[in-house]
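Here's the structure we're looking at; comments come further down.
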Amino acid sequence: PKASGIAGGIEICITFPTEYVKTQLQLDEKANPPKYRGIGDCVKQTVQGHGVRGLYRGLSSLLYGSIPKSAVRFGVFEYLSNHARDEAGKLNSTRGLLCGLGAGVMEAVVIVCPMETVKVKFIHDQSSANPKYRGFYHGVREIIRTQGIRGTYQGLTATVLKQGSNQAIRFYVMTSLRNWYKGDNPNKAINPVVTGTFGAIAGAASVFGNTPLDVIKTRMQGLEAHKYKSTLDCALKITRHEGVRAFYKGTVPRLGRVCLDVAIVFIIYEEVVQVLNTVWKTE
């Protein structure tokens, strides 16, 4: 779906600073005195040190990945859900969850893991004493030169767990809300405002449901990733040294971005599906 890719690209440009702040707060460990006192302080320090452009560090990796990511996510979901519908063409919420899980795992392995690893390394690099990545291509080249392709695939287990649970929660909530709204009339139209509201609720549910996995994933992809032997080791070390609250670092900036992201992408996706169904008559 080209349109969901374009929607994703526009949305990321608007909301990326919240993604930047979220990643910095998640990388910020208690062990050393924390570098940032909170969201405002992180923004202030970044703008003072690197200008407003500093808040967009790592944007290119998300931008280049957003179009294929949306295409894989919705393509796999459509494929799976077409096989999972009952005779009346209805998708129940449990099957919606399983189809979302499949879509999330596939996008994690193919697109999201390398894209997120590069993004986290770029953001982490900017706040280190002497940044070494000059730009997107130079950074990717350096990562591959020093760490091989594996360097772009750090935290794969955490990413698969995160994306899988993310899309499972989102598509489950979305399918449940859609089925509830339509009631006994499967052909009842849903207007974009309702779709957007449902999307925002689905986004919020996924944030509260899997921010701990997101924190683990960010740590596994940062420049200090060598400290952790595995996903489980990372989770145990964070619990031991920083407490359970550390697993909810970056929740507020993530909440804003994700709710907007999911709402926009679902609205555009629904509109595109309607257009495609009109252009190509599908069953």
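The values are calculated or read from the model by the stated rules, or taken from the named source; none is laboratory data. Only a predicted model underlies this, so the values are computations on that prediction, with no experimental measurement involved. Don't worry about glycine lacking a Cβ; one is built from the backbone with ideal geometry, like all the others, and counts go over all protein chains shown.
Restricting to region 208-227, give me the number of residues that are assigned to a helix (DSSP H, G or I), under 21 Å from D125 (Cα atoms) and of a type outside the set (A, V, I, L, M).
Counting residues in region 208-227 that are assigned to a helix (DSSP H, G or I), under 21 Å from D125 (Cα atoms) and of a type outside the set (A, V, I, L, M) gives 7.
Out of the residues in region 228-240 that are of a type in the set (S, T, N, Q) and assigned to a helix (DSSP H, G or I), which is surrounded by the fewest Cβ atoms within 10 Å (Cβ to Cβ)?
Result: T239.
Any idea how many residues of region 7-35 are in a helix (DSSP H, G or I) and at pLDDT below 65?
Result for region 7-35: 2.
Just a yes or no: is a residue in region 201-212 β-branched (V, I, T), modelled with pLDDT of 90 or more and farther than 25 Å from C13 by Cβ?
For region 201-212, residues β-branched (V, I, T), modelled with pLDDT of 90 or more and farther than 25 Å from C13 by Cβ: absent.
Looking only at region 125-147, how many residues end up being of a type in the set (A, V, I, L, M) and closer than 20 Å to V21 by Cα?
1
When region 118-155 is examined, which residues are found to be surrounded by fewer than 19 Cβ atoms within 10 Å (Cβ to Cβ), out of contact with any Cys (no Cβ under 9 Å at 6 or more places or on another chain) and of a type in the set (S, T, Y)?
Those that are surrounded by fewer than 19 Cβ atoms within 10 Å (Cβ to Cβ), out of contact with any Cys (no Cβ under 9 Å at 6 or more places or on another chain) and of a type in the set (S, T, Y): S128, Y137, T146.
Just the residues that are surrounded by fewer than 21 Cβ atoms within 10 Å (Cβ to Cβ) and hydrophobic (A, V, I, L, M, F, W, C), please, taken from region 102-114.
Within region 102-114, V105, V109, V110 meet the criteria.
Listed residues G183, G243; which is surrounded by fewer than 16 Cβ atoms within 10 Å (Cβ to Cβ), touching a Lys or Arg at 6+ places or on another chain (Cβ under 9 Å) and either aromatic (F, W, Y) or at pLDDT below 90 (or both)?
Within the list G183, G243, the selection yields G243.
Are there any pairs, at least 6 apart or on different chains, whose C-beta atoms fall under 8 Å, with the first in region 101-122 and without any contact (Cβ under 8 Å) to a residue 60 or more places away in the chain and on the phi < 0 side of the Ramachandran plot and the second crowded, with 24+ Cβ neighbours inside 10 Å and among the acidic types (D, E), and if so, which?
none
Identify the residue in region 183-208 that is polar (S, T, N, Q) and free of Cβ contacts under 8 Å to residues at least 24 places away in the same chain and, among all such residues, is nearest to V173 (Cα to Cα).
So the residue we want is N191.
Out of the residues in region 12-31 that are of a type in the set (A, V, I, L, M) and buried (at least 20 other Cβ atoms within 10 Å of the Cβ), state the one that is farthest from A225 (Cα to Cα).
The extreme case among them is V21.
Can you report the number of residues in region 137-166 which are farther than 16 Å from A225 by Cβ, charged (D, E, K, R) and under 23 Å from the mean Cα position of the chain (by Cα)?
0
Please find, within region 168-190, the residue that is farthest from the chain's Cα centre (by Cα) out of those that are of a type in the set (V, I, T) and under 13 Å from T94 (Cα atoms).
By that ranking, first place goes to T175.
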